[in-house]
Structures are given as C-alpha cells and as structure tokens.
Amino acid sequence: MEDTLKILVVDDDEVDRMVVRCGLTKAGIKMELSEVGNGNDAFSILSTTAYDCVFLDYRLQDQYGLTLIQQLRSSEIKVPLVVLTGQEDEQTAVQLLKAGATDYLSKSRISPENLAQVLRSAIRVYRAEMQVALAKDQLRESHEQLIRKNQELERQQQQFQMQNFKLSEASLLKSHFLATMSHELRTPMNAIIGFSQILLRPKFAQLTHQQADMVERILNNGKHLLMLVNEVLDFSKLEAGQLDLKAEIFDVSKVINLAVSEMRSLAEAKNLSLLVQTNLQNTSVFNDPVRVKQILINLLSNAIKFTESGEVWVEVKELPANRVAIMVRDTGIGIASRDFKRIFEAFRQVDQSLTRKYPGTGLGLAIINSLVRIMGGKIFLESKLGSGSMFKIELPRQITLPPGGVDAPPLQLDSNQVFSSAQNPHHSSSQARQAPIGYPKFKL
Ligand code: ADP
C-alpha cells in the first residue's frame with residue numbers, strides 16, 4: 001500500500017478516534033485521515049467524497065453502525081467498511097458482514113498491527129469484490145447483448161421465412177402461369193400448323209407460287225412457335241417435378257438417325273455437313289425415346305445454329321458399366337470456359353443482349369440437363385472459343401424409373417450383355433476443358 005490512503009473514522013468517542021488515528025500512524029500507514037462523530041455526518045461526507053476505507057463505531061450515539069451500513073449500501077455508496085465493535089458477540093459480527101461490512105475489529109483488540117492488517121485485508125477484499133462485480137456486470141452486459149442479437153437473428157429469420165414463402169408462392173404462380181399459357185397456346189398453334197399443311201396439299205387448293213410460299217412461311221413459323229411453346233411447357237413441368245419419363249426398349253441408333261434426318265435440311269441450308277457415326281454392338285436401350293430424341297434435336301439445332309461453316313457430327317459409342325455416350329460436335333463459334341456452367345441455367349445465353357445474332361429462349365440446355373439428370377446420366381462439355389464445341393451425354397443403357405413409376409421390363413439382351421441400374425453414373429476421365437455440369441436449380 002504505497003499510495004496515500006484516504007481514511008475516514010466514524011466514532012462519537014473522541015478517545016476511540018484518537019486510538020485509531022494513533023494506531024494507524026504507528027503502523028506507518030501513509031494516509032489522509034478524516035474524522036466525524038455521528039452517523040448523519042458520516043453519510044453526508046461519504047455521499048460526496050470517495051474514501052479508501054472507513055472505520056465505523058458499531059454503537060454511535062445517533063444510530064447503530066448497522067443502520068448506517070444499510071443506509072450506505074442501499075444508496076449504492078461503495079467503500080470498504082471496518083466496524084469497530086465493543087463486547088458484541090459473533091452473531092453481531094455475522095449480521096454486520098451480511099449487511100455489507102467488509103470486516104470488523106473488536107475495540108479491545110485495537111493495536112497498530114491489527115489495524116494495519118484489518119485495513120489491508122479490507123481494501124484487498126473490497127477490490128476483489130469490485131473486480132467480481134465488474135466481471136459480473138460485463139457478463140450481464142454480454143449476456144444482454146447475446147439476447148439482443150438472438151432476438152435480432154430470430155427477427156431476421158422470420159423475415160427470411162416470410163420472403164421465402166412469398167418467393168415460393170410467386171414461383172408457383174409463375175409455373176402455373178407458364179404451364180397454363182403454353183398449354184393454351186398449343187391448341188391455336190396446332191390449328192395454324194394443321195390448316196397450313198392442308199392448304200399446301202396440291203389436291204386441296206390451287207395456290208399460286210406466291211401464295212404457297214406465304215403459307216409455307218406460316219407453317220414454318222407456326223412450327224417454330226410450337227417448338228418454343230413446348231420448351232416452355234417442358235420447362236414448367238420439369239420445374240414442378242411433373243415430367244414423367246415413358247420408358248420402353250427401343251433402338252437408339254434409329255432414334256438418332258431420325259433426329260439427324262429431321263435436322264438435315266437446316267444443316268444443308270447453311271451448307272454444313274451433318275455426319276453420324278454409330279459404334280454400338282447392341283443398339284437396344286431402355287429409356288424414353290421421345291425425350292432422347294428431344295435431347296438430340298436440341299443439341300443438333302444448337303450445333304447448327306452456332307456454326308457458320310464446317311461440320312456437325314454425331315457419334316454414339318458404348319461405355320463401360322452398361323452406359324452409352326452420345327456426342328454432338330460442331331466447328332462453330334465455341335463457348336468460353338467461364339460460361340460452361342451458366343449456359344445450363346434456365347434462360348441463360350452467352351449473349352443476353354436483345355440485339356443478339358442467334359435467336360432462342362435459353363431453355364434448351366436447362367431442359368436437356370434436367371432430362372439427363374432424371375435419366376441418371378451426366379453431361380460433359382468441351383469447347384474453345386472460335387474452335388467449336390462438343391456436348392457429350394452419358395446415359396445408362398437402362399434407366400431406373402423413380403419409385404411408383406413403371407417397372408422396367410426385362411430387356412432382350414445381345415449375347416452376354418448384362419444390364420445394371422444406372423444409379424451411379426460414372427464420370428469419364430476428364431480431359432482438358434472437360435467439366436461435368438451442375439444441375440440448374442430452376443428457380444427464377
Ligand atoms: P438457346 O439456344 O435457346 O439460346 P440453350 O439453353 O440451348 O438456349 O443454350 C444456351 C446458350 O448456350 C446459347 O444461347 C449459346 O450461347 C450457348 N450454346 C449452346 N450450344 C452451343 C453451341 N453448340 N455452340 C456455341 N454456343 C452454344
């Protein structure tokens with residue numbers, strides 16, 4: 001205790017005050033000592049001045065020391081208090097300590113050593129108590145902060161839930177709207193296509209060359225529009241998880257040839273060679289032929305659309321573990337690797353501008369990706385800007401229909417061919433720039 005201590009002695013007996021003063025002086029305590037003779041003065045001086053320790057007579061004339069202690073503590077006046085007792089028993093001491101006294105010393109035991117000891121210990125205890133109180137305050141403060149943060153988090157979570165709810169409601173509405181609109185649009189479109197086809201029949205109408213040309217345009221545009229409408233309908237069905245595969249055993253090379261022959265006129269119109277190479281020992285697969293053809297038509301129409309000169313070719317080959325790979329290559333504009341993932345998202349196109357050169361909805365690859373996923377297959381893309389692209393679809397030879405779907409009938413197998421479930425489609429060893437594509441989330 002190097003510092004000068006501010007000490008207050010509260011005692012109505014002048015002699016007792018002197019005993020304390022002398023004792024502390026003799027003990028060598030560096031101090032600034034004040035003395036008061038009654039409880040009221042003690043209370044008012046302690047209300048305005050901070051002391052390091054107070055020596056308080058238990059029996060003051062105007063009140064008991066105990067009353068003053070209670071008064072001080074209830075007024076939140078914090079100071080180490082040593083009560084100087086007379087002949088009081090242990091019970092009084094316990095009472096004093098409970099009321100808030102730091103320590104007590106019997107007047108009969110006052111000596112410089114005892115005074116110094118009790119002073120030091122009172123200050124030590126008081127400081128420790130203050131530290132505990134401070135730590136408690138800090139704990140309480142951080143606890144309250146935690147509660148506040150928790151409440152804030154709960155509020156934010158509720159907001160997120162509300163927003164999520166609103167978003168899924170909006171998304172549901174949008175899907176319903178898309179499904180209804182595209183469904184409704186199909187009926188007039190089919191009428192336009194059907195009647196244009198009838199008009200073009202030579203037996204039905206004698207059209208001039210110009211008229212026939214106009215009807216042909218109506219037919220072609222109608223077909224194109226129907227294709228777009230069908231894309232939107234497929235997309236909304238896939239988004240709602242309502243697109244079911246109708247699996248059957250069919251000859252995959254026939255479906256490929258059919259798709260290629262449908263696309264040939266488009267390729268020829270752009271002077272592109274369209275080649276097919278089938279390397280299959282067993283051409284039977286169990287899948288949905290309409291959807292497999294749809295995948296091919298989409299890939300081929302993209303390949304033709306994005307190629308100005310050169311070739312488009314389709315290759316089919318067997319893969320280990322009863323899988324079949326279908327590759328569609330082109331020598332077109334190519335795709336930068338930064339766009340590989342993006343183009344598989346719904347409505348995404350490399351060129352999103354309104355003045356873009358190539359038309360389209362941006363749904364084709366998203367639909368393909370979803371179809372391949374529900375078939376238990378994978379898509380790989382290899383491409384380089386300016387050098388063309390290669391889309392590879394790996395499909396299990398026999399798809400597994402979801403529970404509740406039609407059971408796959410036993411296949412007529414060639415020689416020793418054994419089919420396995422396609423639940424674990426295998427990744428082919430990745431070459432440079434070859435990346436498996438993530439599935440789009442179909443959330444707008
Ligand atoms: P769409 O063809 O209707 O725009 P898709 O989903 O089929 O929509 O394709 C998305 C985008 O991916 C295309 O807009 C194009 O930017 C890019 N893409 C697809 N296929 C090719 C390809 N063979 N060559 C170059 N870019 C392609």
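The values are calculated or read from the model by the stated rules, or taken from the named source; none is laboratory data. Remember, it's a predicted structure, so these values are computed and weren't measured experimentally. All Cβ positions, glycine included, derive from the backbone under ideal geometry; neighbour counts span all protein chains shown. These accessible areas exclude ligands, DNA and RNA; they are computed on the full protein's heavy atoms, side chains included. Shrake-Rupley method; radii C 1.70, N 1.55, O 1.52, S 1.80 Å.
Please give the FRET efficiency for LEU275 paired with ASP213, using the beta carbon to beta carbon distance and R0 = 35 Å, rounded to the nearest 0.05.
Details: r = 31 Å, r/R0 = 0.90.
So the FRET efficiency works out to roughly 0.65.
Which value, in Å² rounded to 10, gives the accessible area of HIS176 with a 1.4 Å probe and all protein chains present?
Surface accessible to solvent at HIS176 totals approximately 110 Å².
In Å², and per residue, what accessible area does the chain have when probed at 1.4 Å with the other protein chains present? Working shown, then result.
Working: 25800 Å² over 444 residues.
Per-residue value: 58 Å².
Working out 0.36 nm times the residue gap between THR361 and LEU167, then minus their Cα-Cα distance, what length gain in nm do you get to one decimal?
Stretched out fully, the THR361 to LEU167 stretch lengthens by 67.5 nm.
Among DSSP beta bridges lying fully in the chain, give the percent that are antiparallel, nearest 5. All intermediate terms of the calculation are to be shown ahead of the outcome.
Values: 30 of 56 bridges.
So the antiparallel bridges in the chain amount to around 55 percent.
How high is the relative contact order of the chain, given as a whole-number percent (alpha carbon pairs under 8 Å, six or more residues apart)?
Details: 642 pairs, mean separation 43.0, N = 444.
With pairs under 8 Å counted, the relative contact order is 10 percent.
Dipole magnitude of segment 5-110 about its Cα centre, charges +1 at Lys/Arg Cβ and -1 at Asp/Glu Cβ only, in debye to the nearest 20? Write out the running numbers ahead of the final one.
Working: 11 positive and 16 negative charges, 77 e Å.
Once rounded to the nearest 20, the dipole reads 380 debye.
Pairs LYS237/LYS317; LYS237/LYS378; LYS78/LYS136; LYS254/LYS384: which are spaced more than 27 Å apart, C-alpha to C-alpha?
Numbers: LYS237/LYS317 31 Å; LYS237/LYS378 20 Å; LYS78/LYS136 16 Å; LYS254/LYS384 31 Å.
Too far apart for the 27 Å limit: LYS237/LYS317; LYS254/LYS384.
Rounded to whole Å and ordered largest first, report the semi-axes of the equivalent ellipsoid of segment 93-235 derived from its Cα gyration tensor (root of 5λ). If you can, show how the numbers build up before the last one.
Numbers: eigenvalues 1976, 30, 7 Å².
Over the Cα atoms of segment 93-235, the ellipsoid semi-axes are 99, 12, 6 Å.
Among ALA212, SER168, LEU228, whose Cα sits farthest toward the positive end of the charge dipole of segment 168-237 (+1 at Cβ of Lys/Arg, -1 at Cβ of Asp/Glu, about the Cα centre)?
My answer, from the dipole projection, is ALA212.
Rounded to whole Å, give me the distance from the Cα center of segment 67-114 to that of segment 207-269.
100
Expressed as a rounded percentage, what relative contact order does segment 53-106 have, with Cα pairs under 8 Å and six or more residues apart?
On the way: 66 pairs, mean separation 22.1, N = 54.
It rounds to 41 percent for segment 53-106.
Leaving ligands, DNA and RNA out of it, report the carbon-plus-sulfur percent of the accessible area of the chain at a 1.4 Å probe. It would help to have the intermediate numbers written out before the result.
Values: 13830 of 25800 Å².
Heavy-atom surface of the chain belonging to carbon and sulfur, 1.4 Å probe: 54 percent.
Listed highest first by mean packing, meaning other Cβ atoms within 10 Å per residue, what order do 225-231, 11-17, 301-307, 366-372 come in? The partial results should precede the final answer.
Details: 225-231: 17.4, 11-17: 15.7, 301-307: 20.7, 366-372: 23.1.
Answer by packing, highest mean first, reads 366-372, 301-307, 225-231, 11-17.
For a quick check of understanding: with a 1.4 angstrom probe and all protein chains in place, what accessible area in square angstrom does THR187 have, to the nearest ten?
Ignoring ligands and nucleic acids, THR187 comes out at about 90 Å².
With the dipole of the chain worked out from charges on the C-beta (+1 for Lys and Arg, -1 for Asp and Glu) around the Cα centre, which of PHE250, LEU238, ALA50 lies farthest toward the positive end?
PHE250
Note down the relative contact order for segment 168-237 as a percent, whole number, built from C-alpha pairs under 8 angstrom at least six residues apart. Mind showing how you got there, number by number?
On the way: 44 pairs, mean separation 35.4, N = 70.
Once normalised by length, the contact order is 51 percent.
Quick one: Debye curve from the alpha-carbon atoms of the chain only, equal weights, vacuum; give me log10 I(q)/I(0) at q = 0.06, 0.13 Å⁻¹ to two decimals.
Those come out to -0.52, -1.15, one per q.
Looking at the square roots a ≥ b ≥ c of the eigenvalues of the Cα gyration tensor of segment 1-54, which shape do they give, rounded for a/c under 1.5, prolate if a/b is larger than b/c, or oblate? Kindly include the intermediate steps, with their values, before the conclusion.
Numbers: a/c = 3.70, a/b = 1.22, b/c = 3.04.
Verdict is oblate for segment 1-54.
Can you give the three extents of the C-alpha atoms in segment 5-110 along their principal axes, from longest to shortest, in whole Å?
Computed over segment 5-110, the largest-to-smallest principal extents equal 32, 32, 22 Å.
How much of SER261 can a 1.4 Å solvent probe reach, expressed as accessible area in Å² and rounded to 10?
Result for SER261: roughly 70 Å² accessible.
Hey, got the dipole for the chain? About the Cα centre, +1 on K and R Cβ, -1 on D and E Cβ, debye to the nearest 20? Working shown, then result.
Numbers: 51 positive and 50 negative charges, 573 e Å.
Result for the chain is approximately 2760 debye, rounded to the nearest 20.
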